[in-house]
Amino acid sequence: MRFQGFEGEWDIKALEDVSEISSGGTPSRTNSAFWNGDIPWVSTSLIDFNIIYDTDERITEEGLKKSSAKLFPKGSLLMAMYGQGKTRGKTAVLGIEATTNQACASIVTKKDILDSLFLFQNLTKRYEEIRDLSNQGGQQNLSGTIIKGIKVSFPTLIEQKKIAAFLSQIDERIATQSKIIDSLETLIKGLNEKLLTQKIRFKDENGDDFPDWEEHELGELLYYDQPTKYLVNSTEYDDSYPIPVLTAGKTFILGYSNETHGIFSENLPVIIFDDFTTAIKFVDFPFKVKSSAMKILIPKKGVNIHYVFEAMKSIDYTIGGHERHWISKYSKIEIPAPCSEEQTKIAIFLSVIFEKIETERKTLKKYEQQKQYLLASLFI
């Protein structure tokens, strides 16, 4: 894919031929005179395919002078050379003048040859490729030498700027969409707190108050189904298979199975409870589970599971060791519960916002998919 009016072959150069590459440094933490100043200081935790406008930490002029930290200009491209998890290989653009730690490589392009935003989009597309360039060994890190040797294909500066501006518009859509979702999640968190503490109450159909709330143990509101008969046998997952395999942790859906037996499909929706971590998930679709540690919690008669799930999310519960937490502890925790009719009103009220959040997430996903398609189409 190319913009109309542009043609000809792209040049190919190593980054060291079209940019200046260096790394930063960290002033001594033991010297208070080096920290809490006015100079922004970037760590790799801030690098996430984004534009950095602010930092969590700042250093002083003295900290800059008496350390290996360097002040990089606005527009510099940063790459994480190492860091936790998926950090290595991520890129960002400085929207401010800032210093960095030694784990960040600064790439300042030669402006008459290579546009920094074009390079940012190019390296964003090549994230996995760049991670694979890491030093092999105990710690798979990037280095200044590796980054200098990265080859980049690029057209004329005019076409570079046109490509970068076009992709930046998609980035702005993604950023705006993310802010919308964050605002809705903040809203529902605040409403949830007020509803569960009865600062907001509903009236019945006659405009009268509902009865006072009562404390109930979770085990009085929910019963559990043993997951053993719903365990997946094969770990051969494929996105084309119909049945999701669940845990209750951050990786909620491990994959999809084609096993047609032992599928939980009745009494939906339910809550999945992880007996090891006490993580919970709300599930309203047929599924299988990966581990027997997953308790399937089903509402008893007259109990609104949406309400109970929201109440469970607010529980501050510290655990230790590998225990059967639902049976021994969690089922005995008390939560305030209104009558069935008020539970339903609360659940319906919150579900409207949940549905809005889900709609906005789907829109965000479409933007992200569009960005990936364009990255693949616009770059050689």
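Hey, what did the chain get for relative contact order, percent, Cα under 8 Å, at least 6 apart? Walk me through the numbers before you get to the answer.
Working: 654 pairs, mean separation 57.1, N = 380.
Answer for the chain is 15 percent.
Net charge dipole, the range 17-62: roughly 200 debye, given to the nearest 20, about the Cα centre with Cβ charges of +1 for Lys and Arg and -1 for Asp and Glu. Under a point spin-label approximation (7 Å from Cα along Cα-to-Cβ), what is the S45-D17 distance to one decimal in nm? Modelled inter-label distance: 4.0 nm.
Computing FRET efficiency as 1/(1 + (r/R0)^6) for S265 and E214, where r is the C-beta to C-beta distance and R0 is 30 Å, gives about 0.40.
The lysines whose alpha-carbon is closer than 20 Å to the alpha-carbon of K65, local same-chain residues fewer than 8 away aside, are K74. Considering only alpha-carbon pairs that sit under 8 angstrom and 6 or more positions apart, the relative contact order computed for the range 106-203 is 26 percent. Could you identify which residue out of I170, I272, I12 has the top mean-square fluctuation in a GNM of the chain using Cα springs shorter than 10 Å? Most flexible of the set in this elastic network: I12.
Please say if the range 11-154 is rounded, prolate or oblate, where rounded means a/c under 1.5 for a ≥ b ≥ c the square roots of the C-alpha gyration tensor eigenvalues, and otherwise the choice is prolate for a/b larger than b/c and oblate otherwise?
Numbers: a/c = 1.97, a/b = 1.48, b/c = 1.33.
Note, shape of the range 11-154 comes out prolate.
Note on K70/E9: beta-carbon distance plugged into 1/(1 + (r/R0)^6) with R0 of 41 Å gives a FRET efficiency of 0.70. With viscosity 1.306 mPa s and temperature 10 °C, the Kirkwood radius over alpha carbon pairs of the chain converts through Stokes-Einstein to a diffusion coefficient of 64 µm²/s.
What's the FRET efficiency of T156 with S178 using the Cβ-Cβ distance as r and R₀ = 35 Å, to the nearest 0.05? Can you show the working numbers first?
Details: r = 33 Å, r/R0 = 0.94.
Given R0 = 35 Å and the Cβ-Cβ separation, E is 0.60.
Taking amide H atoms as placed 1.01 Å from N in the peptide plane, the amide H of E57 lies under 5 Å from those of W41, each 5 or more residues away in sequence or on another chain. Name the residue from A92, G144, A165 whose Cα lies farthest towards the positive end of the charge dipole of the chain, charges +1 on Cβ of Lys and Arg and -1 on Cβ of Asp and Glu. The Cα lying farthest towards the positive end belongs to G144.
Can you give me the relative contact order of the range 214-336 as a percent, contacts being Cα pairs under 8 Å and 6 or more apart?
Values: 229 pairs, mean separation 41.6, N = 123.
Across the range 214-336, relative contact order equals 34 percent.
Here, each number is a calculation from the coordinates, and none is a lab measurement. Note that the structure is predicted; figures quoted are calculated from it, not measured. Virtual Cβ from ideal backbone geometry, glycine too; neighbours counted across all protein chains shown.
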